[in-house]
Amino acid sequence: MSSLRTKVASIEIENPTILASGIMGETGASLLRMAKAGAGALVTKSIGLEPRKGYDNPTLVDCDWGYINAMGLPNPGINAFSEEMRIALEGGKPIIGSIFAASPSEFSELAVRMEEYGAAAVELNLSCPHASGYGMEVGIDPVAVRRILESVKGEVKIPVFAKLTPNTHYLVEVGKAVQEGGGDAVVAINTIKAMQICVETRKPVLSHRSGGLSGPALRAVGVRCVYELYSELEIPVIGVGGIEDWRSAVEYIMAGASAVQIGSAIGRVGLDVFKEITDGISSFMSREGFNNVIEMVGIAHE
């Protein structure tokens, strides 16, 4: 029987699907629910040093081809998140703590706290496209990215992942900066900057005007980014963006992803999406003669 187990850095995952940050990851109860739904690992909501309200509504646009959101990184702050992590860990799945900050020292402080809370790894949010002073504004500069990775790696023992933005022509250079800074994996990609205008009101729909596009419209861009990063890096790549079925998950894996993250599909397909994807991957592997997921990683490069 084909094995769905995979590995990212030192983390063993029972199947290649991971809950993406920003979807059902703000409370311990919601993370526990995703663990029970079949995700192989879970990424928390991006957490900062202090509580953050985020933007006023409307913060989400539901489109035929995905979502556009501008949440503004709302979160309870790292102190309050300890209890949520305690509950989430009851699910028995690796928890990856997503963190955002404006400086290397802040990233390091947050990473240390996540490690103390029991996180199996931390994911540095270097890619949010709509929060001033954070995310993409930090993550498009290879020099700044390397400094952040070096700082965090000097403070924690758990693996450090970096989530990258597609909103730059320096994607590969940023990926290399993560690797040179000691990063253990890159996550590609976060959302693309986008906007929708209501023709009746003649104004942008989102309160923040622009936001981040996720869902199927993002998939081809994500696959291309994973393919390019896998070609140039020695550290693992985790693929994310528009994955809603087993075929799109396998596409990412063949492009070079050791695992894939699922986000928008939870709202668009439902909570069964993890099981549907893993069942589909398993059936495909049996038909095509693959013994394990790792055999498929990067096969499109051969």
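Quick note: the coordinates plus some simple rules give every number you see, no bench work behind them. Keep in mind the model is a prediction, meaning the values are calculated, not measured. All Cβ positions, even for glycine, are placed from backbone atoms using ideal geometry, and neighbour counts span all protein chains on display.
For volume of the Cα convex hull per residue in Å³, which listed value, (i) 134; (ii) 115; (iii) 200, comes from the coordinates shown?
(ii)
Karplus couplings for region 173-190 from phi (6.51 cos²θ - 1.76 cosθ + 1.60, θ = phi - 60°), rounded to Hz, Gly and Pro as x?
After applying 6.51 cos²θ - 1.76 cosθ + 1.60, I find 4, 5, x, 5, 5, 4, 4, 5, x, x, x, 9, 5, 10, 10, 9, 9, 8 Hz.
Under the 0.36 nm per residue contour assumption, what length would be gained going from the current alpha-carbon distance of residue 79 and residue 284 to full extension?
Details: separation 205, 0.36 × 205 = 73.80 nm, distance 4.38 nm.
Taking residue 79 through residue 284 to full extension adds about 69.4 nm, to one decimal.
For the chain, give the magnitude of the charge dipole about the Cα centre (Cβ charges: +1 Lys/Arg, -1 Asp/Glu; no others), in debye to the nearest 20.
Working: 26 positive and 35 negative charges, 96 e Å.
Taking the Cα centre of the chain as origin, the dipole is about 460 debye.
Order the peptides 100-110, 280-290, 70-80 from the highest to the lowest mean number of other Cβ atoms within 10 Å of their residues. Write down the numbers at each step before the final one.
Details: 100-110: 20.5, 280-290: 15.1, 70-80: 18.5.
My ranking of the peptides, most packed first, is 100-110, 70-80, 280-290.
Looking at the chain only, what percent of DSSP beta bridges run antiparallel? Nearest 5 please. Mind dumping the intermediate values first?
On the way: 18 of 46 bridges.
Around 40 percent antiparallel, to the nearest 5.
Lysine pairs in the chain with Cα distance under 14 Å, only those 8 or more apart or on different chains: how many are there?
Numbers: 7/93; 36/93; 36/275; 45/53; 45/163; 163/176.
Counting lysine pairs in the chain gives 6.
With N residues in region 1-105, what two-decimal value do you get for its Cα radius of gyration over 2.2 N^0.38 Å?
Values: Rg = 15.2 Å, N = 105, 2.2 N^0.38 = 12.9 Å.
Scaled against compact globular proteins, the figure is 1.18.
With a ≥ b ≥ c the root eigenvalues of the C-alpha gyration tensor of region 139-231, is it rounded (a/c under 1.5), prolate (a/b larger than b/c) or oblate?
Details: a/c = 2.88, a/b = 2.04, b/c = 1.41.
Prolate shape, in that a/c is at least 1.5 and a/b is the bigger ratio.
For residue 8, which sequence-distant residues (separation of 5 or more, or a different chain) have an amide H within less than 5 Å of its own amide H, given hydrogens modelled in the peptide plane?
13
Towards the positive end of the charge dipole of the chain, with charges on Cβ (+1 Lys, Arg; -1 Asp, Glu), say which of 262, 194, 152 has the farthest Cα.
Checking the options against the dipole of the chain, the answer is 194.
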